[in-house]
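Heads up: the structure comes next, in structure tokens.
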Amino acid sequence: MLKCRDINGLLHDYAEGLLELSVHKELDRHLSDCPGCLAFVKTYKETIRLSKDLRTGEMPPELQEKLESFLKAKLAEKPKTLWDRLRSRFGRGCC
Amino acid sequence: MNRISTGDQALIRRLKVRDETAVGELMTQYHAKVMGLALRLTGNRQDAEEVLQDVFWTVVQKIGGFREESSLSTWIYRIATNVALMKLRKRPKIEELPLDEELGPKITGEGMIAETVTDWSNLPDGAASRKEWMQHLEEAVRRLPPEYRTVFVLRDVEGLSAEEACKILNLSIPALKSRLHRARLFLRKEMADVAETRPIGMRSPHA
């Protein structure tokens, strides 16, 4: 027989559907006559459900443009060839 | 194992030869994912935008060394999580979460539940108060210590599998489970505290 004390430790696997069928059923039996644990489990699951809706991924378009041009500029300046490196070291201002 | 899709393979190849048009494509494909993740992990827009820039810059810089042992998206998520974690670690330390037992309902010496647990799971989806409710959840997520927040965001917000999240965070499955469970317990408790002090738009339990 499961006691209220056991629920917390089983809850993650219960919510993920990872418990063995016999344990899952035993937990269900406990919940059917323990309103406290039932409320605990329901609100745990509701927390998971609500969390999915936290997802928002909008990026301001001006930031997107800024970032894209920054990356393109960086991309264009690398990798430096041996010639580039020599020119930046010795060639500055000579031509 | 993750197989790299042909679309990703082509994109990676073009990034490796520094094809400029590939940058635009990379961003179109991943900016929303990275921005969402960065927002959830850092909890504020300014930090999230900085993370976003660092992530894409790191991707472009390091693509040459990407060995394609994981999918492009797993690799990008890993970079994003690390960049965000570095930022979070610079903030003043937030203490560890309490143990599981302390985050769940109180239990008597005989192992029975020792308190009345409010059931706030009946909030109707379209309710005006739902917005307020979600704000409470967002605030609670911000209070999670970084190590818990990353696990929670990758699993419950982004919906990644446990295996994928483990790869990204370099954690074992048991460690991941334990952090995720504790994060959920913490959030549930925070929401329960709100529900108990000022019930918002809930149906009566006997309705």
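Read-outs: derived from the displayed coordinates by stated rules, not from any lab. The structure presented is a predicted model; accordingly, all values stated were derived computationally and were not measured. We place every Cβ from the backbone using ideal geometry, glycine too, and count neighbours over all the protein chains shown.
Put simply, the amide H of residue B:107, placed in the peptide plane, has neighbours under 5 Å in B:114, leaving out anything fewer than 5 places away on its chain.
For the set A:42/B:167; A:3/B:106; A:52/B:131; B:33/B:131, the pairs lying more than 18 angstrom apart at their alpha carbons are A:42/B:167; B:33/B:131.
Helix B:72-89 against the longest principal axis of chain B: what's the angle in degrees, Cα atoms only, rounded to the nearest 10? Once rounded, one gets 60 degrees. Report, to the nearest 10°, how far helix B:45-62 tilts away from the longest principal axis of the Cα atoms in chain B, using its own Cα long axis and a range of 0 to 90°. Compared with the principal axis, the helix lies near 40 degrees. For region A:1-49, what class follows from the C-alpha gyration tensor (a ≥ b ≥ c being the square roots of its eigenvalues): rounded when a/c is under 1.5, otherwise prolate if a/b is larger than b/c, else oblate? The shape class here is oblate.
The phi torsions of region B:142-147, fed into the Karplus equation with coefficients 6.51, -1.76 and 1.60 and a -60° offset, translate into couplings of 5, 7, 5, x, x, 5 Hz, rounded to whole numbers, with Gly and Pro shown as x. Remark: mean inter-chain Cβ contacts per residue of B:29-42 equal 3, using a 10 Å Cβ-Cβ cutoff to other protein chain atoms. Just tell me which lysines come within less than 20 Å, Cα to Cα, of residue A:72; anything on the same chain fewer than 8 places away is out. Within reach: A:80, B:16, B:62. For peptide B:173-184, the mean count of partner chain Cβ atoms within 10 Å of a residue's Cβ comes to 2. Relative to one another, the C-alpha centroids of region B:120-183 and region B:1-35 are positioned 27 Å apart.
Between the residues B:146, B:55, B:108, the greatest Cα displacement towards the positive end of the dipole of region B:44-168, with unit charges on the Cβ of Lys, Arg, Asp and Glu, is found for B:55.
Rounded to the nearest 10 degrees, the inclination of helix B:6-16 to the longest alpha-carbon principal axis of chain B is 60 degrees.
Annotation note: trypsin sites (Lys or Arg not before Pro) in region B:37-97 located in DSSP loop regions with a Cβ neighbour count of at most 13 within 10 Å are B:67, B:90, B:93.
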